[in-house]
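Report on one structure; see the data block that follows.
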Amino acid sequence: MPGTIDSHQHFWRYNPVQYAWIDERMQRIRRDFLPDDLAPVLSAHGIDGCIAVQADQSEHETSFLLDLADKNAFIKGVVGWVDLQADDVASRLQHFAQHKKLCGIRHIVQGEEDVNFILRDNFRRGLTLLANFNLAYDVLVYPHQLGAVLSLVRQMPEQPFVIDHIAKPYIKDQFIDGWQTMMSEIAKFPNVYCKVSGMITEADWEQWRYEDFVPYLDVVFSAFGVTRTMFGSDWPVCLVAGSYSRMIELVKTYTRQLTEEAQAAFFGGNAASFYGIPR
């Protein structure tokens, strides 16, 4: 399938302080993961490129990812981090936006104790500047934070948003109702997309089955449709709950019901359009 894109993966040089979120259960990913590790995996699955997403909240990481993108053509874009609450956020965005492969910004909102963090005045002020640089915003939250996300997207109808990891529903416990209600409301705003990524790490890592995910995928595709969903692996984080092959086969099994055109959009076209990646 030409033009395929993995819309969500990470690179890092592992440092136990910098990446403290990689806990004892995640021993498998407590090491470096770099383009030479990912390139053969993408090739084996017929994927042409990827979007590298920040996993550490530092400008150093943004520069690190952009440097990797310069050196590896298959990295089609970078979702980096800048401090959207900073007084000098405009100049920092200007600095990084000079790089053609910067396509988005993300903050690890799921780690913020304030459920309404994303609605803080200074954070929203930073968000309003993204449009000046044609930058998307990746929304990383847990289900209990979706109410704030709904309020935010209602206030910013022109800003492109994408929900990472289908907002991390409680797949292991098969809780769906509240998450389903909020995702369906958020999807009513046409500027919001959804990454079908990060699902297997929200399930039972050792015993998940394809059937565990079907109700959640039904919700996502019903709400966002085939034009606002995109495939993402969340590699290498996904490795704690299964191989890249198992993860992508799960998604391919579900999307076989789609037309060839819709599958092409899901596995690359939508990501390219959303992030402004030349095809």
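The values are calculated or read from the model by the stated rules, or taken from the named source; none is laboratory data. Just so it is clear, the structure is predicted and the values come from calculations on it, not from any experiment. For neighbour counting, all protein chains shown are included, and Cβ atoms are generated from backbone atoms with ideal geometry for every residue, glycine included. These accessible areas exclude ligands, DNA and RNA; they are computed on the full protein's heavy atoms, side chains included. Shrake-Rupley method; radii C 1.70, N 1.55, O 1.52, S 1.80 Å.
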Among the residues of region 190-201, are any more than 19 Å from Gln159 (Cβ to Cβ) and among the small types (Gly, Ala, Ser)? yes
Evaluation of Phe96 against (1) open to solvent by less than 40 Å² (accessible area, probe 1.4 Å); (2) within 16 Å of Ala187 (Cα to Cα); (3) of a type outside the set (Gly, Ala, Ser) (one fails), failing number: (2)
From Gly126, Gly104, which residue is over 16 Å from the mean Cα position of the chain (by Cα) and either surrounded by 14 or more Cβ atoms within 10 Å (Cβ to Cβ) or basic (Lys, Arg) (or both)? Gly126
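Just give me the residues in region 149-173 being of a type in the set (D, E, K, R) and surrounded by fewer than 17 Cβ atoms within 10 Å (Cβ to Cβ), in sequence order.
Once the filter is applied, which keeps residues that are of a type in the set (D, E, K, R) and surrounded by fewer than 17 Cβ atoms within 10 Å (Cβ to Cβ), region 149-173 yields Arg154, Glu158, Lys172, Asp173.
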Selection within region 76-93 - without any contact (Cβ under 8 Å) to a residue 60 or more places away in the chain and open to solvent by 10 Å² or more (accessible area, probe 1.4 Å): Trp81, Asp83, Gln85, Ala86, Asp87, Asp88, Ala90, Ser91, Arg92
Of the residues Phe267, Phe274, which is in contact with a Gly (Cβ under 9 Å, 6 or more places away or on another chain), closer than 24 Å to Ala131 by Cα, of a type outside the set (Ser, Thr, Tyr) and assigned to a helix (DSSP H, G or I)? Phe274
Filtering region 134-144 down to residues that are without any contact (Cβ under 8 Å) to a residue 60 or more places away in the chain and touching a strand residue (DSSP E or B) at 6+ places or on another chain (Cβ under 9 Å) yields Leu135, Tyr137, Val139, Leu140, Val141
Considering only region 46-75, state which residues are more than 22 Å from Ile108 (Cα to Cα), surrounded by fewer than 16 Cβ atoms within 10 Å (Cβ to Cβ) and not aliphatic (A, V, I, L, M). Gly46, Asp70, Lys71
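Quick check on this structure: which one of Ala241, Ala265 is under 17 Å from the mean Cα position of the chain (by Cα), of a type in the set (Gly, Ala, Ser), open to solvent by less than 40 Å² (accessible area, probe 1.4 Å) and more than 19 Å from Ala52 (Cβ to Cβ)?
Ala265
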Residues that are among the charged types (D, E, K, R), open to solvent by 10 Å² or more (accessible area, probe 1.4 Å) and under 23 Å from Ile22 (Cβ atoms), drawn from region 174-204: Glu202, Asp204
Does Asn134 satisfy being of a type outside the set (Ser, Thr, Tyr), more than 13 Å from the chain's Cα centre (by Cα), surrounded by fewer than 19 Cβ atoms within 10 Å (Cβ to Cβ) and more than 23 Å from His8 (Cα to Cα)? no
Can you confirm whether Ile29 is within 17 Å of Ser233 (Cβ to Cβ) and of a type in the set (Val, Ile, Thr)? yes
If the requirement is being within 18 Å of the chain's Cα centre (by Cα), open to solvent by 30 Å² or more (accessible area, probe 1.4 Å) and not β-branched (Val, Ile, Thr), which of these qualifies: Trp12, Trp21? Trp21
